[in-house]
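All of the numbers you see were taken from the coordinates with simple rules; none came from a lab. Keep in mind that this is a model prediction, so the values were computed, not measured. When we count neighbours, we look across all protein chains shown, and the Cβ atoms used for this are built from the backbone with ideal geometry, even at glycine.
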């Protein structure tokens, strides 16, 4: 498994290039947006970190970002976002705050990112991080050089019950799909269903779905159905192309339930099944008798057989707030 | 009553269950401060403190937010555990890593327990830290030799250069309130069921001294205590004919004024109707089931004492 998340570069430059390219993007984004006091703090803090601030000072500067840099939305333009994705594969900082940016810039300004002391300092920081600091530091993981060194820490974030932290560790980058081992990867996919995090934002999800994840998802669906409890609409996304006969039956059963959200998600998921299974679905008949227009559209799309994970975007919950 | 919102500036949420959060939210408690204290039996390693401080700025804040309650905290080495001097030294070294974080509104709860030399050293160190960083200080006054302990707490704070308008002295009673007011500090009163200070007595203290700088809190913790002390006491005050403006000051505004000096409280946001971010909950742990907390009329019987 190639752990580098660097620039899409024909010469195949490794993560180091990715980190520098990301920092450049972040710095420009901050240059454009920070008011005078915040900018002054950021400039001097960054200089201190670059010069090799000791651990306590580094941690204080991360904390002090809360006093100087507002937690307001980044509001990146589509050009900026496209540029970010071009610099680091799968990187999509649309949901980052200004304060996240400032904190990530400080982390990535450390001179020892490539040495053992860099990740060690990050671990220390996680021991005492508040929620906002943890979110920013999890967001930084994908941008480190050789980010696979931070896989265990990332997996720890994926164990977290606070949705904002879970998303920071796992969404909006290719970090999880590239760096988590099989156990951590499968667990994080299922955990996303429990915390209702937007799985479609895990870059590269579809490429790493498998029969085991599909099995776990279908077991969970059965457990929820037996209990008469809610089934997360994203669960159906997890089947990918690996749902098999059992998946097909579960999806068709879901299509017979009253909730339009569940039906819509199940409809989309039908379009992701293996062609031999998809061909068994009576799409035309179902479309004809479906009353809900969104579900009708989903069935129509599924019939075409091309349903990437981001088709599940409409099933997102509201964005979690953490400063 | 349903229009009133309450601030409980001294409560140990780590010891409370979500039943309490639900009840508090329903009764109108909109904001809390959780100061660092001991856990009922002494900690033995600095790691326990580190994880505890971490929970105050992390998990406990998150937990309270799920019920629409804004949670702030105070960080400090408490008086009881200051007597383990080797450990105390390590804990004081930790303070800079936590005290400057967002939402930390004070150094606290610090002060004396038995008035030992070790306690005084830890108290002075933290007062000095607070002064250097321009922080509010929350002082726990001892339950034994209280009057003397409070006088000493104030005197030492003055010596260390902490301005009196940034000093909150908690657990006052009829014998101590005048000293705190005379010094220009904030007298807070913890309303306990059955012991120490109760609601009825609090009503009379407010009546006698007026609303200037008086603060009511619950200190609800792992012992017999009532997380609804503040709204219950407020209800009793109103029933006993105290001016509603006075009640509002003693159970909301004074605490807000004292601790907003930290710059860590978004006052405008506190005045908004709390929104619970449903997306933070997941279905197998959801308590709210989709409804927002409503403010209910608290019965005007106070806390029996």
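From a point 7 Å beyond the Cα of residue B:196 in the direction of its Cβ, which residues of region B:32-62 have a backbone N at a distance under 16 Å?
Residues passing the 16 Å test: B:33-41.
Report the dimensions of the protein assembly as shown along its three principal axes from the alpha-carbon atoms, largest first, rounded to Å.
The Cα atoms of the protein assembly as shown stretch 85, 57, 43 Å along the principal axes, largest first.
What FRET efficiency comes out for residue B:207 versus residue A:316 if R0 is 56 angstrom and r is the Cβ-Cβ distance? Round to the nearest 0.05.
So the FRET efficiency works out to roughly 0.55.
Computed FRET efficiency, Cβ-Cβ of residue A:279 and residue A:116, R0 60 Å: what is it to the nearest 0.05?
The computed FRET efficiency comes out at 0.65.
Taking every residue in A:160-172, how many Cβ atoms of other protein chains lie within 10 Å of its Cβ, on average?
2
Going by Cα centres, region A:277-298 and region B:127-150 are how many Å apart?
Spelled out, the Cα-based centre of one part sits 70 Å from the other.
Bin width 10 Å, alpha-carbon pairs only: give the P(r) of region A:23-68 as whole percents, running from 0 to the bin holding the largest distance.
26, 55, 19
Rounded to whole Å, give me the distance from the Cα center of region A:129-175 to that of region B:166-236.
Using only Cα atoms to place each centre, the spacing works out to 44 Å.
Can you give me the relative contact order of region B:31-117 as a percent, contacts being Cα pairs under 8 Å and 6 or more apart?
37 percent
Along Cα→Cβ, 7 Å out, is where each label goes; now give me the distance between the ones at residue A:210 and residue A:156 in nm to one decimal.
Using points 7 Å along Cα→Cβ, the separation is 2.6 nm.
Quick one: B:225, B:262, A:226, fewest Cβ neighbours within 10 Å first, how do they rank?
A:226, B:262, B:225
If every alpha-carbon in chain A counts as one equal scatterer, what log10 I(q)/I(0) does Debye give at q = 0.06, 0.07, 0.09, 0.10 1/Å?
-0.23, -0.31, -0.50, -0.61
Roughly speaking, what is the stretch gain from residue A:54 to residue A:306, that is 0.36 nm per residue apart minus the C-alpha to C-alpha distance, in nm to one decimal?
85.5 nm
Sum -39500 (n - 2.57) across every DSSP H segment of at least 4 residues in chain A, then divide by the residue count to get the 222 nm mean residue ellipticity, nearest 500.
It comes out at -17500 deg cm²/dmol, rounded to the nearest 500.
Within 10 Å of each Cβ in peptide B:52-62, how many partner chain Cβ atoms are there on average? Round it to a whole number, please.
Mean inter-chain Cβ contacts per residue within 10 Å come to 4.
Is the C-alpha gyration tensor of region B:158-225 telling us rounded, prolate or oblate? Criteria: a/c under 1.5 is rounded; beyond that, a/b larger than b/c is prolate, otherwise oblate.
Oblate, since a/c reaches 1.5 and b/c is not below a/b.
Please report A:200, B:252 as a ranked list, fewest other C-beta atoms within 10 angstrom at the top and most at the bottom.
Result, fewest neighbours first: A:200, B:252.
Please list A:53-66, A:109-122 highest first by mean number of surrounding beta-carbon atoms within 10 Å per residue.
A:53-66, A:109-122
Once you have a ≥ b ≥ c as the square roots of the Cα gyration tensor eigenvalues for chain B, tell me rounded if a/c is under 1.5, and otherwise prolate or oblate according to whether a/b is larger than b/c.
oblate
How shielded is B:95-107 by partner chains, expressed as the average number of their Cβ atoms within 10 Å of its Cβ atoms?
Partner-chain Cβ atoms within 10 Å, mean over residues of B:95-107: 5.
Give the value in nm², to one decimal: projected area of the alpha carbon convex hull of region B:1-146, averaged over all directions.
That works out to 9.2 nm², a quarter of the Cα hull's surface.
Normalising by the residue count of chain A, find the relative contact order in percent from Cα pairs under 8 Å and 6+ residues apart.
Once normalised by length, the contact order is 15 percent.
If you bin the C-alpha pair distances of region B:30-102 every 5 Å from 0, what whole percents do you get?
Result returned by the calculation: 3, 16, 29, 22, 15, 9, 4, 1.
Compute the label zone of residue A:124 within region B:82-107: residues whose backbone N is under 17 Å from the point 7 Å along Cα-to-Cβ.
B:90-100
So what's the back-of-envelope 222 nm ellipticity for chain B, counting only DSSP H runs of four-plus at -39500 (n - 2.57) apiece and dividing by all residues, rounded to 500?
-11500 deg cm²/dmol
Determine the relative contact order of chain B: mean sequence separation of Cα pairs under 8 Å and six or more apart, normalised by residue count, in whole percent.
23 percent
Give me log10 I(q)/I(0) at q = 0.13 Å⁻¹ for region A:94-147, Debye formula, one equal scatterer per alpha-carbon, no solvent.
Reported log10 I(q)/I(0), two decimals: -0.28.
For region A:239-323, would you read off the P(r) tail past 19 Å as a percentage of all alpha carbon pairs?
33 percent
Rounded if a/c is under 1.5, else prolate if a/b beats b/c, else oblate: with a ≥ b ≥ c from the C-alpha gyration tensor eigenvalues square-rooted, which is region B:203-271?
Taking the square roots of the gyration eigenvalues as a ≥ b ≥ c, region B:203-271 is oblate.
Please compute the alpha carbon radius of gyration of region A:118-277, then divide it by the globular-protein estimate 2.2 N^0.38 Å. Two decimals is fine.
1.11
Rounded to the nearest 0.05, what FRET efficiency is calculated for residue B:84 and residue B:269 with R0 set to 35 Å and r the Cβ-Cβ distance?
With a Förster radius of 35 Å, E is 0.35.
Going by C-beta contacts inside 10 Å, put B:52, B:209 in order with the fewest on the left.
B:209, B:52
Give the Rg/Rh ratio for region A:188-278, taking Rg as the radius of gyration of the Cα atoms and Rh as the Kirkwood radius, to two decimals.
With Rg and the Kirkwood Rh in hand, the quotient comes to 0.92.
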